[in-house]
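Taken together, the values in this text are just the output of simple stated rules run on the coordinates, not laboratory data. Please read all numbers here as calculations on a predicted model, not as lab measurements. All Cβ positions, even for glycine, are placed from backbone atoms using ideal geometry, and neighbour counts span all protein chains on display.
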Amino acid sequence: MLNPDLVGRTVPGTTSTTISQESIDAFTRSLGETNTEVAPPTYAITITLEQSQSLLQSSGLDWSRVVHGDQRFVIHQPLVAGDVVRCDSTIESARVVAGNEIVTVRADLLKESECVVSTWSTLVFRA
Amino acid sequence: MSTFAVGQELTPTTFVINRAKLVDYANASGDQNPIHQSEVFARSVGLENVIAHGMYTMGLAGQYVSAIAGNSSRVKELSARFTKPVVVPADTDVELIVSTTVIEVNPDSARLEITATCNGVKVLGMAKALISL
């Protein structure tokens, strides 16, 4: 059970990720696409989900029981190779339904201080 | 850029999903959860077989929307609920059919409702995108 005090608290990312062309190429190709000029709309998940995982695991949730419930992306500026981004994470909500713990995490990718992509992931930790 | 009208249905695209593609996506995305690669593991946690990453299905829907918009940089919002798993048996090509209807047209943007089905079953719910025109 997630500590309710954690809901609403933003955890600033402590490390920066430099987005490489190789990483965009591999992600784009895995979706069957050849134009790799900008990252695909769902590319941010490669950074945000890992951050959400470490935040929720350190909060005591069992990642091996997780199922992805829903996902949303708001892209203010498409990611391109060479971008250096930091990921701030916020647990926006946590509730228990039929023994399953349903947590929504918002992750903001920031380039310097500007938010370029926001993602919301609802993760269901099965009982 | 083509013009869109509310209610317009755009041509669907069929994507082929198989085990090899799930391995590619796992490597490219870093999501190595074994339920997307190992039949033994998937069954051990109560699944009928290996299932595709929800984000892989959504990623394909994203590529479909990017193609409609002209390119990925025109996709401003994308959202979906993972309602049903895409089951991917060994040595099998599974077809994912993605289609869309225009639900809102603004001077500089359009909102799309996306439908993704696998064997006639909707696998994404509430799937929507906002594209710039």
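Extent of the stretch B:63-128 along its three principal axes (Cα atoms, max minus min coordinate, largest first): 46, 21, 15 Å.
Among B:93, B:108, B:31, the largest mean-square fluctuation in a Gaussian network model of chain B, built with springs joining Cα atoms closer than 10 Å, belongs to B:108. One decimal place: the segment residue B:40-residue B:5 gains 7.8 nm when fully extended, by the rule 0.36 nm per residue minus the C-alpha distance. Per the Debye calculation on chain A with a single equal scatterer at every Cα and no solvent contribution, log₁₀ I(q)/I(0) for q = 0.12, 0.22 Å⁻¹ amounts to -0.47, -1.24. Here the peptides B:15-26, A:36-47 are ranked by packing, the mean other Cβ count within 10 Å, and the order with the highest first is A:36-47, B:15-26. What residue among A:66, A:85, A:105 has the largest mean-square fluctuation in a Gaussian network model of chain A, using Cα springs under 10 Å? Greatest mean-square fluctuation among the candidates belongs to A:66.
Compared with the dominant Cα axis of chain B, that is its longest principal axis, helix B:19-29 is turned about 70°. The per residue volume of the convex hull around the alpha-carbon atoms of the protein assembly as shown is 130 Å³.
Kirkwood analysis of chain B, using all unique Cα-Cα pairs, places the hydrodynamic radius at 15.5 Å. Counting charges near residue A:125 (Lys, Arg +1; Asp, Glu -1) among other residues having Cβ under 9 Å from its Cβ returns a value of 0. Just checking the listed ones, A:89, A:113, A:23: in the Gaussian network model of chain A with Cα springs under 10 Å, the one fluctuating most is A:113. Remark: relative contact order (chain A) = 32 percent; criterion is Cα-Cα distance under 8 angstrom and separation of 6 or more residues.
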